[in-house]
1. Considering just Cα atoms, how many Å³ per residue does the convex hull of chain B enclose?
2. Using Stokes-Einstein with the Kirkwood hydrodynamic radius over Cα pairs, what translational diffusion coefficient do you get for the range A:3-274 at 37 °C and a viscosity of 0.692 mPa s, in µm²/s rounded to a whole number?
3. Of the peptides A:107-117, B:303-313, B:170-180, how do they stack up when ordered by the mean number of other Cβ atoms within 10 Å, highest first?
4. What list do you get for B:Asp131, B:Asp438, A:Asp183 if you sort them by fewest beta carbons within 10 Å?
5. Projected onto the charge dipole of the protein assembly as shown (+1 at Lys/Arg Cβ, -1 at Asp/Glu Cβ, origin at the Cα centre), which of A:Leu397, A:Ala263, A:Gly434 gives the Cα projection farthest towards the positive end?
6. For the range B:175-202 and the range B:43-70, what is the centre-to-centre distance using only Cα atoms, to the nearest Å?
7. For the range A:1-160, treating each Cα as an identical point scatterer without solvent, what Debye log10 I(q)/I(0) comes out at q = 0.13, 0.18 1/Å?
8. Positive end of the charge dipole of the range A:3-274 (Lys, Arg +1 and Asp, Glu -1 on Cβ, about the Cα centre): tell me which of A:Asn108, A:Asn216, A:Met147 has its Cα farthest that way.
Amino acid sequence: MTQSVVVQVGQCGNQIGCRFWDLALREHAAVNQKGIYDEALSSFFRNVDTRTDGDGIDIYKGKICSLKARALLIDMEEGVVNEILQGPLRDVFDSKQLITDVSGSGNNWAVGHKLYGCQYWENIVEKLRRTAEHCDCLQCFFVIHSMGGGTGSGLGTFVLNVLEDEFPEVYRFVTSVYPSGEDDVVTSPYNSVLAMKELNEHADCVLPIENESLFNIVSKIHQMTNSGKLGSTVKQNSLITSSAGGIRTDQAKPFDAMNNIVANLLLNLTSSARFEGSLNMDLNEISMNLVPFPQLHYLVSSLTPLYTLADVNVPSRRLDQMFSDAFSKDHQLIQADPKHSLYLACALLVRGNVQVSDLRRNIERLKPSLQFVSWNQEGWKTGLCSVPPVGHSHSLLALANNTCVKPTFMELKDRFMKLYKKKAHLHHYLHVDGMEQSCFSEAISSLTDLIEEYNQLDVSKGGPRTDPPRLKIAM
Amino acid sequence: MSVVTVQLGQCGNQIGHEVFNAICSDFHSTHGLCSKKENESYQEACKERFFSEEKTGVPVARAVLIDMEPKVISQTLSMAARSGCWKYDHQSHFCQKQGSGNNWANGYSVHGPRHKDAIMNLVQKEAEKCDRLSGFFTVMSMAGGTGSGMGAFVTQCLRDAFPASFILNQVVWPYGTGEVIVQNYNSVLTLSHLYQSSDALLVHENDAIHKICAQLMNIKQISFRDVNRVIAHQLGSVFQPTHTSEGAVRYSRNPLGDLMESLVPHPEFKMLGLRNIPQMSENSLAYSTFTWPGLIKHLRQMLIANAKMEEGINWQVRPPLSGLPVSQKCCLSRAPHFNTSIANLVILRGKDVQSVDVGGFRDAALYTSWLNPQDAFNVWKTPRAFNKYEKSAALVSNSQFLLKPLDDIVGKAWNMFASKAYVHQYTKFGIEEEDFLDCFTALEQVLSSYASL
């Protein structure tokens, strides 16, 4: 069994991270009735004997003593991290997993990346090394951050570089929250594009998330549960947005519902690596199957169902609805419509009481309405995990490598150019040691190249299919 | 003589486990329909072939379990132990922490060499437990990373370490609409490599077995366990003890050798397909009766028309009239109508088996012209019934059964390769484009050979 380490950077990253750890504990508590420290738990948690001083001695078997998250919490302001450490999750982290500062990055990528990066480099490397040493077989780093600010964006991508240099064999999955059009941070386009270059070059897989999509999902659920019709029959802890059953019992914060969705994304992504099933899908398989060319590693994700009704009988019609929903644009975690764009690859990870025939039936049913690239007409990666998420009898995570990410990137580029043409706010960046104009031009060039690659693929969409001629053998 | 089973990857271990279940359940079957002496002789042969004795009395499967991640093996070991009828030797497994990531190159070039010694030690130990070793039976899928890549590597090692033993690879072909996106690459790499070291490849296609589950077994929500059980039943019907000659008193002592001798006359032709009738749910079985002529007739037509199961057979297909010139090479773009064979083996088990007439299979028109039909066809008859089927007939065929499926796989892989998609994932672990080309060439050669029958 392998282990994964979560690196949460910046305000957004830490808030999402906090929700992740809460829901992870909830999930394991539901599955692990006997309180034994098993391999599934070990993928994200250490079992530590806290009676001794120092780091605590790892206990590999037997009863759970004290669980510690395999995580690194980084923020250049103290507010969010302090809140976590004072809250009910405080025992899950220890002070040696934190890197904080006081003044923040001022929504400036350069400050996060160049200034703080340089300052904290040794500290970051040391703490990462220590976390890795506690792992028997470290498979993956999950970096969680936002793109629009300064710390998550700048320092987060700096850490990404460090991960590649220090741990080249370990996969780097990055969950990035992209700013929406009405973002109140004026410089968010600069920060995002500068960060994109780093993601292009140093991440294995990126799961882009847009707040707008999360917000729409939350509203939709709110509507459903309060409409009176279904309100009473929805299982509260099955809501993809719910913290019910977790450790947190205090007032929910405004972004909690949205962050829970992302936390659930990560839980579902890793479920088949942690729990058993008839067709396992490990994290290294995700990168292998969904990244046909190194540059094209942006995966659009969707989670269904958003909630479960309390009635126990789930006719297969509802099961099929779950599959249909996974491809609808309302369920995607970025503003995108995969159905009307080109699929390079698609992965379906099903949890719970779903068998291979259900999977096959739905793939056959949905395939005709989807457009796949000519060299991957039947490109489906499937996984079946027996353990469903809390509150559900089954669930589906769909990951698509699809050209529908292109509009998001193009808008980002437009917003960037609007500011850059006028050289607005540029001086704040160029002030920072190590930051030059070329950083900007290289970043926008990297983004342009990426958009062009997607364009090339889109051009081939719907064209006549000519298969390359086969090798001829002389008899 | 004994057979050592090597289970590789998730699929290999899941199926291997069901195979031993099927064999054990047949072993204990009270519906043998034969004399007590006959039954005891059968059980004796079965035990020697697949199990070694342990002090506790619970038979221990002659198997080595290999996987690059621990979940499946630990499940398999515990399920077998819980059955109470048989179990695995808990020392006889090799496991790592991180899987092969569906990457053939990772399985073959990285995991293989790294763990070769440890794995071959385990195999050696199992081989030494056998009084006489007939050979190895490996179970794997070709779509993933471990079964396929590591499986190809291990097969090579087996060939090097045991040059006198037979190696039969049972290979599972994935669903056409995908379980793994790079499955066609992994398949091409696996098949081309196995062809060099293996004696024969016995193929099961998930699509075909799925249809059997849906239409014959009437299973509503088909799980992989259902699919694996059908495969296990089919394999059991081939591997359980048989009499290999008319009037034989003892059960065949060399199961793999006999199989190879009957079916693989030429090293260019190693692809074997398996058909087993009748196949139905246990409930229906209680109410059904069969006649040998009916079963033989269906089986023969399944062979000729390349039907995957006993429903939906195309009865219009007929063998070409003998004496006429052999028509143009079977063109791959047209669906081949008539399935030409190189060699066939029919295994009959159950009631009144001695009286069965299998003349229909000796028709020269079924076979390619360069083999004598006398040599091309064999029949093994055993009075002891298999797994509650009063009469059952299995056909192992070296014919054009797999021509179209193989062509599909190579076609899709070639299409993907032309765009270079995913190739960087393989070159990362040392499999270069030239290696791919070599494999494509090898398989085009196999396709061409089978097409020209």
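1. Looking at chain B, the number lands at 141 Å³ per residue.
2. Taking Rh from Cα pairs, D becomes 172 µm²/s.
3. The most tightly packed comes first, giving A:107-117, B:170-180, B:303-313.
4. B:Asp131, B:Asp438, A:Asp183
5. Toward the positive end, the furthest listed residue is A:Leu397.
6. Distance between centres, Cα-based: 27 Å.
7. -0.59, -1.07
8. It is A:Asn216.
Since every read-out is calculated from the coordinates, none of them should be taken as a lab result. None of the values given here were measured: they were computed from a predicted structure. Note that each Cβ is placed from the backbone with ideal geometry, even for glycine, and that neighbours are counted across all protein chains shown.
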